[in-house]
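Below: the structure, in structure tokens.
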Amino acid sequence: MVVVRWQSRMSGIMVIKRLIGITLLMAFLPAGIKTDLPLRTSTTECRDHYFWMSAAYNLNGATYRFDVLDNGGIYPLTETYASQCGFTYGIDFSGNITFRASFLACHVLNNNDLSFSLQFRLVVIDQLNGETDYPFSMFCQLLSPWQPREIVCEENYMEVSVRKNVPVIGQEGKSAEDWEIALPLVDSADMMVWQIIFHKVNQPMKIMTTVAALDLGYLVNSTFSRVVLRAPYSLTESDLIELDNIEVEVVRGTVLYKQRWMLLLVDTSTACSKYHADFTNDNLVWLTPRIMDPLVLHVSMFTDMSLQMGIDGKVLDSLTIQSRGYLLTNESAVVNITIPYGSPGGYTQSHVINNQYNQRYSINVYLVHVWADDMWDSTRHASFIPLQTPYIPQTPFVLNETGPHDTAFTVYCGVFNSDVTLWNLTVGGQTLSVPQALDRGFEISEIKYANGTHGYIVKINFIDPLIYAEYVGEGVRQYTLKINYTMSIVPQIELYYIPATIVHLVFDVVYPNSTGACTPSGFIFESSGGNLNTQWAYYVGNHELTEELAIAWGYNLTMDPNLHLEVPLLSPGVVYEDISLRGIVAQFVLSLVDVATLTVESVILKRCWFPPEELLVCMPDGTITVVAVIMSTIPRVDTSKMSLLDRTCLPTEVNETYAVFSFSANTCGTRVKIKNGYLIYENEVIYNRELFPVNFPVITRDSDYRLTVRCLYPINDTLKIYAKGVPPSRIRSAMKFGTYSGPKRTRDIINMKSRIAKDVTFTKFYSDLEFPVTRAPVEPLFLETELLHSNPAEHLVLKDCWATETAELDARPQWDLVTDGCQVSDKSYAVKLLPVTTNGARNPHHIKRFVINILEGPSPLWEQIYIHCSAVICDGHLSACDDLCISEDRTVRSLQTLGQQKGYVSAGPIHIGNMKPGNVKMVSGNTYKQMPVLGFVAAMLGVMLIIFVIIAVKVKC
């Protein structure tokens with residue numbers, strides 16, 4: 001090999017030239033680190049007999065490699081080349097990029113085996129294959145003298161180096177049997193060529209040149225004073241043997257160099273323990289044979305000189321080893337290293353497996369064993385040993401630390417390793433990042449412990465709207481915190497979730513002080529005090545008292561901060577107990593209701609008497625009561641002679657001034673008509689005048705009196721039903737693909753899903769990770785709803801679809817997309833139901849599709865929308881399974897024949913944003929381009945149209 005021959009035969013002139021080149025290079029690259037690594041740092045050290053570098057670099061999806069440089073060029077390190085040439089690199093247990101190189105590695109400038117220089121660089125390759133170089137230049141001197149034989153068991157190779165001035169040929173060099181076998185090979189060896197003889201158990205010895213050995217993966221080299229053999233693990237000429245029940249990999253090699261006057265034989269055998277660490281009783285245990293038999297000829301002559309251990313390639317003193325709890329024992333046959341779980345010097349790594357938090361403890365152990373025997377003055381055997389435990393499930397806990405008199409939840413969550421951070425919080429169904437939570441008023445603090453672990457304390461005020469509060473009776477208010485911690489393992493961003501529900505009872509409920517009074521024209525109510533206003537609401541009958549209701553019913557209402565309500569006598573909600581000549585007895589009931597349970601907490605009932613006056617009352621049961629007032633007339637009107645259109649319907653009570661009528665809406669000649677969505681009942685109070693003559697009235701002494709009464713009842717009256725809402729968590733679980741069926745009976749729920757397609761082919765859909773979907777205003781939205789796991793004969797029928805700004809089904813405002821199976825279009829958007837033709841396993845009768853084209857111009861939709869649909873299942877044998885919308889005038893078929901199974905489904909969120917200039921999208925085969933010229937032309941056309949209309953109107957006039 002070129003490397004071997006160049007290093008073994010390099011002339012003195014070449015050495016001088018290389019020294020000059022390295023000196024010039026080092027003038028520009030001073031010893032140590034020369035780089036500006038982003039964000040973090042790097043370190044280089046000369047350790048023992050090797051170079052060491054560590055770089056704290058956040059790759060963030062990038063990759064890396066190492067290049068070695070010398071005057072001959074640049075040599076990228078691959079795994080094979082690194083193990084053959086004496087380099088080890090990778091990402092260590094702490095997440096840093098590490099690099100190690102033997103002093104005897106390839107491309108190292110070696111000055112008489114006393115000082116060593118190495119040039120290399122870290123190359124970071126980004127996701128676009130762009131490369132950034134970070135060069136390093138290291139110069140190291142030998143810190144401790146070489147032993148006659150040095151063996152290194154690295155992570156990816158074995159290396160043995162032997163001093164050249166060992167005895168040449170002697171009984172102590174090889175056993176007689178091996179020597180006798182090897183001697184014919186030595187005799188036939190080439191002159192003045194470095195060669196190696198491999199000895200493998202139960203196989204004949206092989207002799208080959210170092211170039212041939214290089215082809216097998218081995219590297220043989222010669223320096224100023226040493227002969228080197230480097231062997232990656234598991235090559236063809238290695239043996240696996242057992243020593244004291246421990247697997248050991250062995251390479252037996254004899255390197256030779258023959259001249260006429262000299263024969264140099266060097267024993268370059270090496271052996272390394274292959275023991276896999278045990279993890280028992282919270283301890284990592286690693287074993288290695290004390291005496292490596294293949295390296296020792298006479299075991300009886302074996303002598304331990306020193307045994308040391310260290311961490312990360314650095315030897316530790318005995319006091320440090322003891323303080324950390326490490327245990328190093330040298331028994332008669334086995335060297336034992338025991339590391340307690342979590343000991344200092346190691347690294348605890350976190351990992352998520354099926355949303356289970358796990359931890360693994362890792363440590364890089366370094367063992368140096370020096371011994372002597374009858375063959376060698378001393379042998380130094382060094383091993384780099386990475387040890388790891390399996391992943392161990394951990395259970396973080398959530399602890400409620402809220403005090404009995406606190407006004408906020410205090411919740412602890414822990415304990416976590418240092419590589420775990422709080423990613424976000426989901427409280428009451430709303431997800432907040434940590435900055436958002438802090439801006440909202442949450443208090444989040446991190447608690448750190450001496451062993452490097454930590455936990456979090458979160459404080460949330462009881463009055464925060466995300467806290468669910470309810471009155472549970474007897475002056476007790478219950479606060480419920482539903483919290484989900486999203487934790488992240490860095491830097492790889494592995495997320496896992498810790499849900500918890502915390503309940504806290506507080507004895508602090510105070511009812512408001514409410515009073516009612518009568519006024520000449522109605523009722524007045526006032527309410528003040530109380531501390532549960534957000535949980536209570538005032539009701540009039542079955543209707544919640546809101547500002548909208550008060551305006552519609554003619555009330556005068558203020559509710560900030562206290563309730564003040566004025567109710568006129570002739571208003572909805574007033575109950576008339578008695579209407580007679582003595583006056584009107586009416587009452588008004590105002591109820592305080594728990595909005596969560598609809599329980600009536602208190603009732604304010606006020607009954608008032610009002611003097612008689614002209615009055616018309618239309619009762620909900622159809623009873624109509626009229627009080628007719630007769631003012632002074634000349635001649636006087638006899639109230640007893642008054643009647644309704646049906647002359648037999650006379651007053652129920654009269655005096656000189658008043659007449660009272662009470663009758664049903666379908667009696668007494670009442671006329672009925674329908675107009676503008678109302679049933680109108682109309683009758684008249686008339687005065688039956690005396691005429692003379694009767695059949696041809698000419699003379700009358702009675703006054704004329706006629707009073708028309710009219711009651712209006714809406715045809716489709718809406719009764720507002722108040723019920724507990726669906727938990728937001730259920731709604732959010734259905735935002736993208738889940739099925740939401742609402743508060744319906746189990747047998748009414750159907751299993752279906754809704755998805756948003758990327759184009760009109762409906763072959764590619766947005767996944768969970770792609771939400772929220774962002775579309776330009778002129779881009780169509782393709783929605784598909786599919787029935788899952790159902791009878792092939794059943795058909796899915798869309799009933800209604802609508803869009804909202806938020807995820808709730810009943811959110812306001814709403815935009816109709818499909819109504820009773822009919823597509824709905826507006827001036828700002830158009831909806832089109834699409835036919836379904838699918839092949840394969842999907843049933844077209846189980847799928848409904850439609851496209852929404854949001855037209856150019858101001859859109860009524862908000863920047864973010866959700867799409868909801870209600871659907872039913874029908875029997876495929878029924879003709880009603882066809883589309884519900886069967887005519888242009890939107891005649892709708894009855895849903896009664898479509899079966900009883902119903903369901904709701906939602907999709908979103910969808911962000912509606914502006915397209916970039918020049919962007920082109922296809923909508924139903926048409927091309928739309930958003931260009932400034934089109935905007936200008938559209939504006940000019942609009943101005944011309946307005947001018948044309950004005951001229952046309954003037955001409956017409």
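The values are calculated or read from the model by the stated rules, or taken from the named source; none is laboratory data. Every value quoted in this text rests on a predicted model; they were computed, and no experiment measured them. Note: ideal-geometry Cβ built from the backbone for every residue, glycine included; neighbour counts use all protein chains shown. Quick note on the areas: whole protein, heavy atoms, side chains included, nothing else; ligands and nucleic acids left out. Shrake-Rupley method; radii C 1.70, N 1.55, O 1.52, S 1.80 Å.
Is there a residue in segment 121-137 that is buried (at least 21 other Cβ atoms within 10 Å of the Cβ) and at positive phi?
No, that holds for no residue.
Can you name the residue in segment 698-725 that is of a type outside the set (Ser, Thr, Tyr), more than 26 Å from GLU548 (Cβ to Cβ) and modelled with pLDDT of 55 or more and, of all such residues, is most open to solvent (accessible area, probe 1.4 Å)? Lay out the reasoning, then the answer.
Taking segment 698-725 first, the residues of a type outside the set (Ser, Thr, Tyr) are 698-699, 701-702, 704, 706-707, 709-712, 714-717, 719-721, 723-725.
Still in the running and more than 26 Å from GLU548 (Cβ to Cβ): 698-699, 701-702, 704, 706-707, 709.
Narrowing further to those that are modelled with pLDDT of 55 or more: 704, 706-707, 709.
On the way: ASP704: 118, ARG706: 149, LEU707: 37, VAL709: 11 Å².
If we take residues in segment 698-725 being of a type outside the set (Ser, Thr, Tyr), more than 26 Å from GLU548 (Cβ to Cβ) and modelled with pLDDT of 55 or more, then ARG706 is most open to solvent (accessible area, probe 1.4 Å).
Here are some conditions: (1) open to solvent by 10 Å² or more (accessible area, probe 1.4 Å); (2) touching a strand residue (DSSP E or B) at 6+ places or on another chain (Cβ under 8 Å). PHE416 meets all but one. Which one does it not meet?
(1)
Looking only at segment 520-536, how many residues end up being assigned to a loop (DSSP other than H, G, I, E, B), touching a strand residue (DSSP E or B) at 6+ places or on another chain (Cβ under 7 Å) and open to solvent by 40 Å² or more (accessible area, probe 1.4 Å)?
Taking segment 520-536 first, the residues assigned to a loop (DSSP other than H, G, I, E, B) are 520-521, 529-535.
Narrowing the set further to residues that are touching a strand residue (DSSP E or B) at 6+ places or on another chain (Cβ under 7 Å) leaves 521, 529, 532, 535.
Keeping just the survivors that are open to solvent by 40 Å² or more (accessible area, probe 1.4 Å) gives 521, 529.
So the count comes out to 2.
Quick one: which residue in TYR511, TYR485 is closer than 30 Å to ASN358 by Cα and either of a type in the set (Phe, Trp, Tyr) or outside any strand (DSSP E or B) (or both)? Write out each step before concluding.
Numbers: TYR511 fails: closer than 30 Å to ASN358 by Cα.
Going through TYR511, TYR485 in turn, just one is closer than 30 Å to ASN358 by Cα and either of a type in the set (Phe, Trp, Tyr) or outside any strand (DSSP E or B) (or both): TYR485.
Just one of LEU235, LEU284 is under 53 Å from the mean Cα position of the chain (by Cα) and more than 30 Å from SER343 (Cα to Cα); which is it?
Numbers: LEU284 fails: more than 30 Å from SER343 (Cα to Cα).
Unique residue meeting the criteria: LEU235.
Pairs needed: first member in segment 790-818, without any contact (Cβ under 8 Å) to a residue 60 or more places away in the chain and in a loop (DSSP other than H, G, I, E, B); second member anywhere, hydrophobic (A, V, I, L, M, F, W, C) and open to solvent by 30 Å² or more (accessible area, probe 1.4 Å); C-beta distance under 9 Å; at least 6 residues apart or different chains.
PRO813/TRP862
Being farther than 18 Å from ALA469 by Cβ and among the hydrophobic types (A, V, I, L, M, F, W, C) is the filter; apply it to segment 424-435 and report the residue that is surrounded by the most Cβ atoms within 10 Å (Cβ to Cβ). Walk me through how you get there before you give the answer.
Residues of segment 424-435 farther than 18 Å from ALA469 by Cβ: 424-426, 431-435.
Okay, now just the ones that are also among the hydrophobic types (A, V, I, L, M, F, W, C), so 425, 432, 434.
Values: LEU425: 24, LEU432: 16, VAL434: 15.
In this case the residue turns out to be LEU425.
Criterion first (touching a Ser or Thr at 6+ places or on another chain (Cβ under 8 Å), at pLDDT 95 or above and closer than 30 Å to SER343 by Cβ) does ILE483 satisfy it?
Working: touching a Ser or Thr at 6+ places or on another chain (Cβ under 8 Å): yes; at pLDDT 95 or above: yes; closer than 30 Å to SER343 by Cβ: no.
No: the conditions fail for ILE483.
If I ask for residues that are more than 60 Å from the chain's Cα centre (by Cα), at pLDDT 85 or above and buried (at least 17 other Cβ atoms within 10 Å of the Cβ), which ones from segment 600-627 would you list?
CYS608, PHE610, ILE624, THR625, VAL626, VAL627
Conditions first: (1) touching an Asp or Glu at 6+ places or on another chain (Cβ under 8 Å); (2) closer than 30 Å to GLU474 by Cβ; (3) open to solvent by 10 Å² or more (accessible area, probe 1.4 Å); (4) modelled with pLDDT of 85 or more. ASN556 passes all but one, so which condition is the exception?
The failed condition is (2).
Can you spot a residue in segment 156-163 that is open to solvent by 30 Å² or more (accessible area, probe 1.4 Å), modelled with pLDDT of 95 or more and not hydrophobic (A, V, I, L, M, F, W, C)?
yes
Filter segment 495-519 down to the residues that are surrounded by fewer than 17 Cβ atoms within 10 Å (Cβ to Cβ), in contact (Cβ under 8 Å) with a residue 40 or more places away in the chain and more than 17 Å from THR431 (Cα to Cα) and list them by number.
Within segment 495-519, TYR511, THR515, ALA517, CYS518, THR519 qualify.
Within segment 436-452, track down each residue that is open to solvent by less than 30 Å² (accessible area, probe 1.4 Å) and either part of a strand (DSSP E or B) or more than 13 Å from PHE409 (Cα to Cα) (or both). Spell out how you get there, then give the answer.
Restricting attention to segment 436-452, the residues satisfying the condition of being open to solvent by less than 30 Å² (accessible area, probe 1.4 Å) are 437, 442.
The answer is ALA437, and nothing else.
For segment 287-301, name all the residues that are of a type in the set (D, E, K, R) and open to solvent by less than 60 Å² (accessible area, probe 1.4 Å). Steps first, answer last, please.
Step one: filter segment 287-301 for residues of a type in the set (D, E, K, R), giving 290, 293.
Correct list: ARG290 only.
List the strands (runs of 3 or more DSSP E) that sit entirely inside segment 543-647 and contain at least 2 residues that are in contact (Cβ under 8 Å) with a residue 24 or more places away in the chain and more than 25 Å from TYR658 (Cα to Cα).
Working: elements: 556-558, 563-568, 575-580, 583-594, 600-610, 615-618, 623-629.
Strands (runs of 3 or more DSSP E) meeting the threshold: 563-568, 583-594, 600-610.
Report, by residue number, each residue of segment 660-691 that is surrounded by 18 or more Cβ atoms within 10 Å (Cβ to Cβ) and not in a strand (DSSP E or B).
ALA665, CYS668, THR670
Being among the polar types (S, T, N, Q) and either within 30 Å of PRO344 (Cα to Cα) or under 23 Å from the mean Cα position of the chain (by Cα) (or both), is that true of even one residue in segment 447-460? Before the answer, list the steps.
Within segment 447-460, the first condition is being among the polar types (S, T, N, Q), and the residues that meet it are 451, 453.
Retained after the next criterion (residues that are either within 30 Å of PRO344 (Cα to Cα) or under 23 Å from the mean Cα position of the chain (by Cα) (or both)): 451, 453.
Within segment 447-460, one or more residues are among the polar types (S, T, N, Q) and either within 30 Å of PRO344 (Cα to Cα) or under 23 Å from the mean Cα position of the chain (by Cα) (or both).
Return the residue satisfying two criteria in turn: it lies in segment 268-286 and is in contact with a strand residue (DSSP E or B) (Cβ under 8 Å, 6 or more places away or on another chain) and farther than 30 Å from ARG226 by Cβ, and of such residues it is most open to solvent (accessible area, probe 1.4 Å).
Step one: filter segment 268-286 for residues in contact with a strand residue (DSSP E or B) (Cβ under 8 Å, 6 or more places away or on another chain), giving 268-275, 277-279, 282-286.
Applying the additional criterion that residues be farther than 30 Å from ARG226 by Cβ yields 277-279, 282-285.
Details: ALA277: 37, ASP278: 64, PHE279: 60, ASP282: 100, ASN283: 43, LEU284: 1, VAL285: 26 Å².
Only one residue tops the list, namely ASP282.
Suppose we filter ALA793, ALA776 for residues that are of a type outside the set (Lys, Arg) and either closer than 20 Å to ILE750 by Cα or touching a helix residue (DSSP H, G or I) at 6+ places or on another chain (Cβ under 8 Å) (or both); which single one remains?
On the way: ALA776 fails: either closer than 20 Å to ILE750 by Cα or touching a helix residue (DSSP H, G or I) at 6+ places or on another chain (Cβ under 8 Å) (or both).
Exactly one residue qualifies, and that residue is ALA793.
Tell me, which residue of segment 57-102 that is of a type in the set (Phe, Trp, Tyr) and open to solvent by less than 20 Å² (accessible area, probe 1.4 Å) is farthest from the chain's Cα centre (by Cα)? Give the derivation first.
Of segment 57-102, the ones of a type in the set (Phe, Trp, Tyr) are 57, 64, 66, 75, 81, 87, 89, 93, 99.
When the remaining residues are screened for being open to solvent by less than 20 Å² (accessible area, probe 1.4 Å), the result is 66, 87, 99.
Working: PHE66: 35, PHE87: 40, PHE99: 35 Å.
My answer is PHE87.
Tell me whether segment 470-486 contains one or more residues that are within 30 Å of GLY61 (Cβ to Cβ) and among the hydroxyl-bearing types (Ser, Thr, Tyr). Working first, answer last.
The first filter runs over segment 470-486 and keeps only residues within 30 Å of GLY61 (Cβ to Cβ), leaving 484-486.
Filter once more, keeping what is among the hydroxyl-bearing types (Ser, Thr, Tyr): 485-486.
Among the residues of segment 470-486, at least one is within 30 Å of GLY61 (Cβ to Cβ) and among the hydroxyl-bearing types (Ser, Thr, Tyr), which makes the answer yes.
Can you pull out every residue in segment 567-589 that is among the charged types (D, E, K, R) and open to solvent by less than 70 Å² (accessible area, probe 1.4 Å)? Outline the logic, then answer.
At the first step, the residues of segment 567-589 found to be among the charged types (D, E, K, R) are 577-578, 582.
Selection gives ASP578 alone.
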